[in-house]
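Below is one structure; the comments refer to it alone.
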Amino acid sequence: MFEKNISIPENEEADSTTPPQTERQIALLKAIIKVFRETPDCENEEEMARICLKAAEELTGSAYSFIGELNREGLFDTTTISEAGWKACRIPVEEAVHLLKNMPARGINRIGLREGRPWIINDPANHPDAVQKPPGHPTISSFMGVPLRFLGGITGMIALAGKQTDYTLNDQEDIEALSVAFMESLNRRRAEKRINELNTELNRHLLQIEAANKELEAFSYSVSHDLRAPLRHITGFVELLNKRGLEMMDEKSQHYLKIISESSQKMGTLIDDLLTFSRMGRAELQNSSIDFNSLVREVISELKEDEGERSIEWDIDELPVLEGDAAMLRQVFANLIANALKFTRSSSRARIGIGSDMDATGETVFHVRDNGVGFDMKYVDKLFGLFQRLHSSDEFEGTGVGLANCQRIIHRHGGRIWAESGPGSGAIFRFTLPKQEEV
């Protein structure tokens with residue numbers, strides 16, 4: 001692309017031995033460079049068009065010119081008329097501006113737009129497509145139009161008029177080349193403007209999302225924290241009743257009291273999980289070197305204590321040493337392995353596999369596999385939702401927060417998490433950590 005510091009002699013006289021064709025090529029090159037060099041600093045598209053039109057008039061010896069584009073309705077909107085064109089026009093400005101918008105596809109101005117080609121008319125008054133001009137319109141002694149093209153289609157045109165001699169194919173070729181430079185510059189400007197608009201809109205949405213998340217986190221934390229006090233009261237009075245009044249209650253009352261006690265315990269667990277979920281969203285990542293072999297062994301050792309004498313076959317691969325937040329990633333493995341243990345309780349011999357691979361992009365892909373009850377993949381979209389459960393609480397305990405917490409942690413590390421399963425065929429959970437050097 002042409003840079004602004006390119007030095008091109010503007011007034012260099014051609015040597016007497018310079019062939020006319022070479023002179024023409026030099027003039028065209030200067031015009032193209034002028035468009036590329038000066039249009040990026042323009043305040044608007046009209047100013048860009050005026051630079052192009054001035055170069056086009058100088059190249060062809062035209063008296064005046066204009067640039068316009070087709071609008072969404074297929075009508076022609078004039079972007080701007082050259083300075084010389086406005087001077088030659090005797091139509092009042094307000095009326096002229098009105099006439100220059102939503103122009104139908106008629107007259108010699110739009111012949112090439114209909115036919116998709118450049119066109120030259122050196123006797124406009126006698127042309128069969130000529131239409132009556134409004135009073136004050138400049139006299140047109142000759143006319144040339146060149147379509148503006150973008151992405152294989154015609155979007156508008158450059159028009160020149162009033163050359164003292166006839167327009168030629170050389171004029172047409174020069175303006176076609178100039179139109180390519182103009183459209184390149186114009187569409188680059190539009191693309192940059194659109195990118196800036198999208199970035200501004202994206203930043204606005206990000207700020208809104210960030211604010212909403214902070215409000216939600218604060219709300220979740222506050223609600224969870226405030227629920228603890230009445231829950232403690234309920235639990236405390238239930239314990240007092242258990243100690244003092246069981247012999248005074250009939251069997252049905254004792255059953256009710258048991259339900260209240262169990263429900264209070266479940267609510268306490270739910271509040272704890274919700275607070276953990278909230279903290280995971282607010283806490284800063286504390287990255288360090290993690291030996292995942294040691295981390296997984298520690299998690300399994302702790303969880304085994306609650307499983308008694310169950311027969312479990314463990315298949316654990318050699319795992320990598322990577323950077324991450326050890327506490328958060330420990331929580332991920334704790335949730336996934338606990339789920340594997342929970343959903344294999346009905347298996348005569350549970351099998352749980354843990355391993356990792358590196359995919360084609362360099363990401364590390366961890367997996368936790370089990371041969372448990374599995375789930376129907378048509379509900380997989382609900383799997384990582386907060387409070388979403390694919391099995392009833394009568395079948396398997398849980399609050400529906402663990403997997404949502406896993407997803408939040410993995411997303412905060414820049415990774416992905418997903419699952420594959422089928423009813424009665426076990427499940428495999430995978431998550432990734434971004435590409436990094438092993439440490």
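The values are calculated or read from the model by the stated rules, or taken from the named source; none is laboratory data. The shown structure was predicted, so the numbers you read here are calculated from the model rather than taken from an experiment. Methodologically, a virtual Cβ is constructed for each residue, glycine included, from the backbone with ideal geometry; neighbour enumeration extends over all protein chains shown.
Any idea which of ARG110, ARG114 is over 17 Å from LEU160 (Cα atoms) and outside any loop (DSSP other than H, G, I, E, B)? Let's see the steps before the verdict.
On the way: ARG110 fails: over 17 Å from LEU160 (Cα atoms).
Answer to the check: ARG114.
Answer with yes or no whether ILE120 is free of Cβ contacts under 8 Å to residues at least 40 places away in the same chain, in contact with a helix residue (DSSP H, G or I) (Cβ under 9 Å, 6 or more places away or on another chain) and crowded, with 17+ Cβ neighbours inside 10 Å.
On the way: free of Cβ contacts under 8 Å to residues at least 40 places away in the same chain: no; in contact with a helix residue (DSSP H, G or I) (Cβ under 9 Å, 6 or more places away or on another chain): yes; crowded, with 17+ Cβ neighbours inside 10 Å: yes.
No, not satisfied.
What single numbered condition from (1) surrounded by fewer than 17 Cβ atoms within 10 Å (Cβ to Cβ); (2) outside any helix (DSSP H, G or I); (3) modelled with pLDDT of 85 or more fails to hold for ARG310?
Every listed condition holds for ARG310 apart from (3).
Can you name every residue in segment 30-52 that is assigned to a helix (DSSP H, G or I) and more than 15 Å from GLU184 (Cα to Cα)? Explain how you work it out, then say what you get.
Just the residues of segment 30-52 that are assigned to a helix (DSSP H, G or I), to begin with: 30-41, 45-52.
Once the filter is applied, which keeps residues that are assigned to a helix (DSSP H, G or I) and more than 15 Å from GLU184 (Cα to Cα), segment 30-52 yields LYS30, GLU46, GLU47, ARG50.
Determine whether segment 105-128 contains at least one residue that is over 39 Å from the mean Cα position of the chain (by Cα) and farther than 24 Å from LEU169 by Cβ.
Checking segment 105-128: at least one residue is over 39 Å from the mean Cα position of the chain (by Cα) and farther than 24 Å from LEU169 by Cβ.
To keep it simple, each residue is scored yes or no on (1) in contact with a Lys or Arg (Cβ under 8 Å, 6 or more places away or on another chain); (2) in the same structural domain as THR60 (by TED's automatic domain parsing).
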position: ASP129; (1), (2): yes, yes
position: PRO134; (1), (2): no, yes
position: ILE154; (1), (2): no, yes
position: ASP174; (1), (2): yes, no
position: GLU184; (1), (2): no, no
position: ARG188; (1), (2): no, no
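Could you go through segment 338-356 and let me know if any residue there is over 20 Å from GLY424 (Cα atoms), free of Cβ contacts under 8 Å to residues at least 60 places away in the same chain and in contact with a Leu (Cβ under 8 Å, 6 or more places away or on another chain). Steps first, please.
We begin by selecting, within segment 338-356, every residue over 20 Å from GLY424 (Cα atoms); these are 355-356.
Right, trim to free of Cβ contacts under 8 Å to residues at least 60 places away in the same chain and you get 355.
Checking the rest, the ones that are also in contact with a Leu (Cβ under 8 Å, 6 or more places away or on another chain) come to 355.
Yes, segment 338-356 has at least one match.
Can you name the residue in segment 68-94 that is of a type in the set (D, E, K, R) and more than 21 Å from GLU47 (Cα to Cα) and, of all such residues, is surrounded by the most Cβ atoms within 10 Å (Cβ to Cβ)? Outline the logic, then answer.
Within segment 68-94, the subset of a type in the set (D, E, K, R) is 69, 72-73, 77, 83, 87, 90, 94.
From what is left, the residues that are more than 21 Å from GLU47 (Cα to Cα) are 72-73, 90.
Numbers: ARG72: 5, GLU73: 9, ARG90: 11.
Per the criteria, the residue is ARG90.
Of the numbered conditions (1) closer than 20 Å to PRO40 by Cα; (2) in contact with a Cys (Cβ under 8 Å, 6 or more places away or on another chain); (3) assigned by TED's automatic domain parsing to the domain that holds THR79, LEU178 fails exactly one; give the number of that condition.
With (1) closer than 20 Å to PRO40 by Cα; (2) in contact with a Cys (Cβ under 8 Å, 6 or more places away or on another chain); (3) assigned by TED's automatic domain parsing to the domain that holds THR79 applied to LEU178, the lone miss is (3).
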